[in-house]
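The structure under discussion appears below in the form of structure tokens.
The values are calculated or read from the model by the stated rules, or taken from the named source; none is laboratory data. This structure is a prediction, so every number in the text was calculated from the model and none was measured. For neighbour counting, all protein chains shown are included, and Cβ atoms are generated from backbone atoms with ideal geometry for every residue, glycine included. Accessible surface is based on the protein model in full, side chains and every heavy atom, while ligands, DNA and RNA are left aside. Shrake-Rupley method; radii C 1.70, N 1.55, O 1.52, S 1.80 Å.
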Amino acid sequence: MADMKPQVYKDERPAEYFDQFHAAARKGVGWTYTFVRILVSLPALLIYRTRAIGTENVPKSGALVLAPNHFSQMDHFFVGLYLRRKIRFMAKSQMFGPPVLTYIYKHGGVFPVRRGHHDEESFKTAFTILDQDEMLLVYAEGGRSRSGKLGEVKPGIGRIALESGAPVVPVAIHGSAKVRRWKRLRFPKVTVRFGEPLSFPAEEAPSRERQLEVAEKIFAPVRAMYEGLATRSER
């Protein structure tokens, strides 16, 4: 934990700065997505020995939400490694800024959640993507857990599931909590397990309590799958 930079929980840049990224994400993804996917697949396969279980649970078409736990900035690559469908996903707004990375995010299907603000625009983008019958990744914990343990679920995933009516596939990622140790030449083995899709009848303007209730139902199988993977890795 000592080598981690302090978290910045509020992005002071104006909301208008991020409009360009929402517009791009709503249009789709370009060649950048495929290029980065190929580039990152090699270390994911060879160094982190990533394997996937239950990919048959991911529908091959139609609106879909992937709801994984989150330890590492590599998690979205681990999740997408064995899926043919392209993923678009929410990311904290602080990731947008460095020119090269920002170009990749903008043209690779990434859109920001403006940290420290009630960012309704990010939900509009999420619903637009699902209306296009695309696949959206939303971290159920709302951000990266830095403790090495699963974090607390946030209501956002519940709101998206309820207001869109799209099926949700719970996803457990085990091993990525140790990805940062690559500087010490210690590379963990990563396993991604996809659970069976969950469906919730669409609701208009669900309360925060209802959003959190559904979020907990989505994250319960994530916890169960993660614990199963952890137990298996200890044997």
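At-a-glance table
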{"read-out": "Subset of the range 59-75 [open to solvent by less than 20 Å² (accessible area, probe 1.4 Å), of a type in the set (Gly, Ala, Ser) and touching a Lys or Arg at 6+ places or on another chain (Cβ under 9 Å)]", "value": "SER72"}
{"read-out": "Checking PHE187 against (1) surrounded by fewer than 18 Cβ atoms within 10 Å (Cβ to Cβ); (2) of a type outside the set (D, E, K, R); (3) farther than 18 Å from PHE71 by Cα, the condition it does not meet", "value": "(3)"}
{"read-out": "Selection within the range 190-229 - over 15 Å from ALA161 (Cα atoms) and assigned to a strand (DSSP E or B)", "value": "THR191, VAL192, ARG193, PHE194"}
{"read-out": "Members of the range 129-154 found to be buried (at least 17 other Cβ atoms within 10 Å of the Cβ) and assigned to a helix (DSSP H, G or I), listed by number", "value": "ILE129, LEU130"}
{"read-out": "Residue list for the range 32-50, restricted to those being open to solvent by 80 Å² or more (accessible area, probe 1.4 Å) and at negative phi", "value": "PHE35, ILE38, LEU39, LEU42, LEU46"}
{"read-out": "Residue within the range 92-100 that is out of contact with any Lys or Arg (no Cβ under 6 Å at 6 or more places or on another chain), of a type in the set (Val, Ile, Thr) and surrounded by 16 or more Cβ atoms within 10 Å (Cβ to Cβ) present", "value": "no"}
{"read-out": "Single residue of PHE89, PHE111, PHE123, PHE78 found to be buried (at least 17 other Cβ atoms within 10 Å of the Cβ), among the aromatic types (Phe, Trp, Tyr) and in contact with a Pro (Cβ under 9 Å, 6 or more places away or on another chain)", "value": "PHE78"}
{"read-out": "Selected residue [touching a strand residue (DSSP E or B) at 6+ places or on another chain (Cβ under 7 Å), open to solvent by 10 Å² or more (accessible area, probe 1.4 Å), under 21 Å from THR128 (Cα atoms) and touching a residue at least 40 places away in the same chain (Cβ under 8 Å)] from PRO221, PRO206, PRO197", "value": "PRO197"}
{"read-out": "Criterion (within 30 Å of ALA23 (Cβ to Cβ), without any contact (Cβ under 8 Å) to a residue 40 or more places away in the chain and touching a strand residue (DSSP E or B) at 6+ places or on another chain (Cβ under 9 Å)) met by exactly one of ALA126, ALA215, ALA140", "value": "ALA126"}
{"read-out": "Residue list for the range 11-40, filter: over 17 Å from SER93 (Cβ atoms), in contact with a Lys or Arg (Cβ under 7 Å, 6 or more places away or on another chain) and of a type in the set (Phe, Trp, Tyr)", "value": "TYR33"}
{"read-out": "Among residues of the range 166-184, those that are buried (at least 16 other Cβ atoms within 10 Å of the Cβ) and of a type in the set (D, E, K, R), counted", "value": "2"}
